[in-house]
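Working notes for the structure below.
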Amino acid sequence: MTHARTHSTLTLTRRLRRLRRSASMRALVRETRLSPDMFVLPLFVCEGEGVRREVPSMPGVFNLSVDEAVKEAASARGDGVKSVILFGLPDHKDDIGSLAYDPEAPVQTAIRAIKAETPDVLVITDVCLCEYTDHGHCGIVIDEEIANDPTVDQLVRAAVSHAAAGADIVAPSDMMDGRVAAIRTALDERGFENTAIMSYAAKYCSAFYGPFRDAADSTPQFGDRRSHQMDPANAAEALREVEQDIAEGADIVMVKPAMTYLDVIARVKDAFDHPTAAYHVSGEYAMLKAAARNGWIDEERAMLETLISIRRAGADIIITYYARDAARVL
């Protein structure tokens, strides 16, 4: 009886597994690397003092009063995360979102406080009206439609108020047409030519925003946001949106969400080679948290694999609720 050979007679001149044999070897040849410098931590800033209220659908994420937001930014800085993005949670709302540009509102107050405590922390501000309107939409509603140009006027007021408070970057997230140009013009005219704009350039109408709306109390009271946020089926359209925002003066462009739009991130980076951010959104974070709490996945490995995939797709900047956790692991 002929015995089966126990090894192949094939002579391999190139064994790809040689470079996977140990952790040190894998690290040496790793193509994609993460750094805490590229993370941005979202903070939800509310009114009051000493408030640290966990968001039920986002374990580990809190609504924070200004004093607590200052502590969180300083702690993040200690972990190596040097950038935060602020979302405002006012106690009172109206139909035009007027508190979005109130100099004493939570975001403006937090900007000044964070800059006073940790001047080297980069402060980005979300510029939108959905957290400030009593109807929960991103703009001025006229005849049950979001009116583009009146909304842009309000967004300009909000962005200028953030810059006046000391924001390093303003980030319009509304998806109104022409808002980047209007904000850039207004900032320059008022002496804020050094304030950068990070445009939510390709923001999709996604099912993965639910927990954020829980955190920010910004669920629309009627209808939805399909008239201005992008159709999830479209990718070429994202390139047109990004191209327009760059032409209008966006210093950084963003794709949101991240995990389900990795192809869009890659296409945007390849097409424009412009500084590109991606938002690892609340629903994506909540899914990982829920699976980990049920023992279905290893949270740390899944977190890092997710962030690596976003970076590998081409994102230079990752906005993520995992920023501090990931920075501590790295």
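Can you give me the number of residues within segment 288-314 that are in contact (Cβ under 8 Å) with a residue 40 or more places away in the chain and out of contact with any His (no Cβ under 9 Å at 6 or more places or on another chain)?
First, pick out the residues of segment 288-314 that are in contact (Cβ under 8 Å) with a residue 40 or more places away in the chain: 289, 293, 304, 306-314.
If we keep only those that are out of contact with any His (no Cβ under 9 Å at 6 or more places or on another chain) as well, we get 289, 293, 304, 308-309, 311-314.
The qualifying residues number 9.
For segment 107-138, which residues satisfy the criterion of being farther than 18 Å from Ala164 by Cα and either part of a strand (DSSP E or B) or among the small types (Gly, Ala, Ser) (or both)?
Scanning segment 107-138 gives Thr133, Gly136.
Filter segment 197-208 down to the residues that are farther than 19 Å from His274 by Cα and touching a residue at least 40 places away in the same chain (Cβ under 8 Å), then identify the one that is least open to solvent (accessible area, probe 1.4 Å).
Step one: filter segment 197-208 for residues farther than 19 Å from His274 by Cα, giving 204-208.
So of that shortlist, the ones also touching a residue at least 40 places away in the same chain (Cβ under 8 Å) come out as 204, 206-208.
Numbers: Tyr204: 0, Ser206: 19, Ala207: 98, Phe208: 58 Å².
The qualifying residue least open to solvent (accessible area, probe 1.4 Å) is Tyr204.
Let's see how each residue does on (1) under 19 Å from Leu262 (Cα atoms); (2) in contact with a helix residue (DSSP H, G or I) (Cβ under 6 Å, 6 or more places away or on another chain); (3) acidic (Asp, Glu):
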{"site": "Gly283", "(1), (2), (3)": "yes, yes, no"}
{"site": "Lys289", "(1), (2), (3)": "no, no, no"}
{"site": "Ala292", "(1), (2), (3)": "no, yes, no"}
{"site": "Ala302", "(1), (2), (3)": "yes, yes, no"}
{"site": "Glu305", "(1), (2), (3)": "yes, no, yes"}
{"site": "Ile308", "(1), (2), (3)": "yes, no, no"}
{"site": "Ala315", "(1), (2), (3)": "yes, yes, no"}
{"site": "Tyr322", "(1), (2), (3)": "yes, yes, no"}
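Yes or no, residue by residue, for (1) modelled with pLDDT of 95 or more; (2) open to solvent by 40 Å² or more (accessible area, probe 1.4 Å):
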position	(1), (2)
Asp217	no, yes
Asp224	no, yes
His228	no, no
Val242	yes, no
Ala250	yes, no
Ala266	yes, no
Glu300	yes, yes
Ile308	yes, yes
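Any residue in segment 243-258 that is in contact (Cβ under 8 Å) with a residue 24 or more places away in the chain and under 30 Å from Met303 (Cα atoms) sitting within a Cβ distance under 8 Å of a residue that is among the aromatic types (Phe, Trp, Tyr) and open to solvent by 50 Å² or more (accessible area, probe 1.4 Å)? List the pairs, counting only those 6 or more apart or interchain.
Once the first residue is in contact (Cβ under 8 Å) with a residue 24 or more places away in the chain and under 30 Å from Met303 (Cα atoms) and sits in segment 243-258, its partners that are among the aromatic types (Phe, Trp, Tyr) and open to solvent by 50 Å² or more (accessible area, probe 1.4 Å) give Val253/Phe272; Pro257/Phe208.
Looking at segment 169-196, I want the residues that are acidic (Asp, Glu) and have a partner that is open to solvent by 10 Å² or more (accessible area, probe 1.4 Å) and part of a helix (DSSP H, G or I) with Cβ atoms under 7 Å, at least 6 apart or on another chain. Which pairs are those?
Final answer for the pair search is Asp177/Asn148.
In a loop (DSSP other than H, G, I, E, B), surrounded by fewer than 19 Cβ atoms within 10 Å (Cβ to Cβ) and of a type in the set (Asp, Glu): is that true of Glu104 in this structure?
On the way: in a loop (DSSP other than H, G, I, E, B): yes; surrounded by fewer than 19 Cβ atoms within 10 Å (Cβ to Cβ): yes; of a type in the set (Asp, Glu): yes.
Criteria met by Glu104.
The values are calculated or read from the model by the stated rules, or taken from the named source; none is laboratory data. Every value quoted in this text rests on a predicted model; they were computed, and no experiment measured them. No Cβ is skipped: glycine too gets one built from the backbone with ideal geometry, and neighbour counts run over all protein chains shown. Just so you know, the surface numbers come from the protein's heavy atoms only, side chains and all, with ligands and any DNA or RNA stripped out. Shrake-Rupley method; radii C 1.70, N 1.55, O 1.52, S 1.80 Å.
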